[in-house]
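Enquirer: For reference, the structure I am asking about is given below.
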Amino acid sequence: MRRWLLVCIAAVVLLAGWRPAPKEPEGLALVRVLGVDGPGPVSLTAVCGGGDQEKEQSRGACGGADFREALEKLPWSGGRELSLTSVSYIIVGGDAALEDVLLSALRNEELGAAARVFRAEDGAGALLAECEDPASALELLERQGVEAPTVVEALAALYKGGASLPLLMEWEGRLMLVDWVEWRGSDE
């Protein structure tokens, strides 16, 4: 009797820690990488997919007067409805208003504070257009030791005087780390 009880407890413990990989619900594409260009008007580029998603990645692009307005339009900017609940990476172009983007991401229930923040060398939209699978490329950079700050870490650093973000460029369809760039807020 005790053996069965131990086996049942072990099974419950193992199953409690198991979580399936996120899957795309029917007709909904999960955005993994979000690109932001411009201080206003703002241009957004969304790329879905990654290692656990479909091979055919959904993409979307839209614009708005500011980050919040563009974000409201984004779900209907692709071939399928886009969901922002799985955004792991935010790539900002050099002309983006970083503080506004970070604050808006924190206030947005879907985006939140855990997404990693990178900077694009030549603009986020152009960078994402050239890369076949940006989510997998960014995951590879993380496995290689590139520790980009989260939204909340980048915002805190920005308020302390400057956020250091990894600078990315595209090379032969892949994303590569160029350097780290200091972003000092509204003076850039």
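Enquirer: Quick one: Karplus J couplings for the stretch 123-132, per residue in order, coefficients 6.51, -1.76, 1.60, θ = phi - 60°, nearest Hz, x for Gly and Pro?
Expert: Going residue by residue, I get x, 5, x, 5, 4, 6, 5, 8, 9, 5 Hz, with x marking Gly and Pro.
Enquirer: Further, regarding this structure: Per-residue HN-Hα couplings for the stretch 134-148, Karplus 6.51 cos²θ - 1.76 cosθ + 1.60 at θ = phi - 60°, whole Hz, x for Gly and Pro?
Expert: My calculation for the stretch 134-148 gives x, 4, 5, 5, 6, 4, 5, 4, 5, 5, 7, x, 7, 9, 6 Hz in order.
Enquirer: Under the rule of at least 5 residues apart or a separate chain, name every residue whose amide H is placed under 5 Å from the amide H of ILE91.
Expert: LEU34, GLY35, VAL36, PHE118
Enquirer: Determine the relative contact order of the stretch 35-134: mean sequence separation of Cα pairs under 8 Å and six or more apart, normalised by residue count, in whole percent.
Expert: With pairs under 8 Å counted, the relative contact order is 30 percent.
Enquirer: Using Cα pairs under 8 angstrom and six or more residues apart, how large is the relative contact order of the stretch 81-188, in percent?
Expert: Relative CO of the stretch 81-188 lands at 28 percent.
Enquirer: Separate question: Please identify every one of the trypsin sites (Lys or Arg not before Pro) in the stretch 96-188 that sits in a loop by DSSP and has no more than 12 other beta carbons within 10 Å of its own beta carbon.
Expert: Of the trypsin sites (Lys or Arg not before Pro), the ones in loops of the stretch 96-188 whose Cβ has at most 12 other Cβ atoms within 10 Å are LYS160, ARG184.
Enquirer: Let me ask something additional. So what are the ³J(HN,Hα) numbers for the stretch 76-93, from phi and the Karplus equation (6.51, -1.76, 1.60; θ = phi - 60°), rounded to whole Hz, Gly and Pro as x?
Expert: Working through the residues one at a time gives 10, 9, x, x, 10, 5, 9, 10, 8, 6, 10, 5, 9, 9, 10, 10, 9, x Hz.
Enquirer: Right, here's the next one. Could you list the GluC sites (Glu not before Pro) in the stretch 39-108 that lie in coil according to DSSP, counting only those with at most 14 other Cβ atoms within 10 Å of their Cβ?
Expert: Of the GluC sites (Glu not before Pro), the ones in loops of the stretch 39-108 whose Cβ has at most 14 other Cβ atoms within 10 Å are GLU54, GLU56.
Enquirer: Same structure, new question: If you add up the charges near ALA65, with Lys and Arg at +1 and Asp and Glu at -1, over every other residue whose beta carbon is less than 13 angstrom from its beta carbon, what do you get?
Expert: Every neighbour counted, the sum reads -2.
Every read-out reported here was derived from the displayed coordinates using simple, explicitly stated rules and does not represent laboratory data. Since the structure is predicted, the reported quantities are computational estimates derived from the model, not experimental observations. When we count neighbours, we look across all protein chains shown, and the Cβ atoms used for this are built from the backbone with ideal geometry, even at glycine.
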